[in-house]
1. Could you please put Glu115, Glu94 in sequence from largest to smallest accessible area, using a 1.4 Å probe?
2. At a probe radius of 1.4 Å, what is the per-residue accessible area of Asp15, in Å² to the nearest 10?
3. State, as an integer percentage, the relative contact order of the range 137-204 based on alpha-carbon contacts under 8 Å between residues 6 or more apart.
4. Ignoring ligands, DNA and RNA, please state the percent of accessible area on the chain from carbon and sulfur, probe 1.4 Å.
5. Could I get the Rg over Rh figure for the chain? Both from C-alpha atoms, Rh via Kirkwood, rounded to two places.
6. Give me the Kirkwood hydrodynamic radius of the range 115-204 in Å, from all C-alpha pairs, to one decimal place?
7. Nearest 5 is fine: what % of DSSP beta bridges in the chain come out antiparallel, could you say?
8. Can you give the relative contact order of the chain as a percent, counting alpha carbon pairs under 8 Å and 6+ residues apart?
Amino acid sequence: GASSIYGEVVEDMGDRQRKAAQLAAAQLAAPQLDVLDLAAGAAPWSLAILDREPSCRITAVDLPGVLSATARAVAATPHHHAFRLREGDAFTIEIDDASYDLVLIAGLCHLLSAEQNRALLRRAQRALRPGGRLAIIDVVPEDETNERVLNLYRLSLLLRTRAGQVYPFASFASWMSEAGFVDIDRAPLSGSPRLSLMLAERPR
């Protein structure tokens, strides 16, 4: 049911994530990047990158019921020309190897099992050029200062997903390392619960 559910809410989610997206873009944006935005939603993260570096090119992937919301959000900005919208599932859509400088995975990993996340990060690694970067944006318990907010978020995931949960940074770091990434790090962003930016690089 993700396609229909998220198609109704991603635009509001994008509005609420704008500040965090601006903070992330300060660390991610660079000229002429080819960016793959998996499960793009309303594309707040890639739009924030374009605000800083309009020369970037974005391939935004999302489910059929969500991509129409992606198109509306993108069309309302001056950056619509920089986007290529692709309908499909992040796990099965055809992605050319070594074609991107940056892969964005924002707000997705907490909905998935550990094994699904491992598979997703292996796909991301293959999509990157040598020296390209992976950016995961998600809730990391070590960076959340309000235990009540964190526990309510955990409960919501238990109620609305089959295997989703709040994963510690050690899990993300382990999955990244297993997938062949190096220079793994994280930085807290903003939001409630607080989002974090996790970065890693495909070896050159």
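The values are calculated or read from the model by the stated rules, or taken from the named source; none is laboratory data. Values in this document were obtained by computation on a predicted structure and should not be read as measured data. Ligands, DNA and RNA are excluded from the accessible area calculation, which covers all protein heavy atoms including side chains. Shrake-Rupley method; radii C 1.70, N 1.55, O 1.52, S 1.80 Å.
1. Glu94, Glu115
2. Probe radius 1.4 Å; accessible area of Asp15 about 90 Å².
3. Details: 88 pairs, mean separation 26.9, N = 68.
In percent, rounded to a whole number, it is 40.
4. Carbon with sulfur: 50 percent of the solvent-accessible area.
5. 0.93
6. So the Kirkwood estimate lands at 13.8 Å.
7. 40 percent
8. For the chain, the relative contact order is 19 percent.
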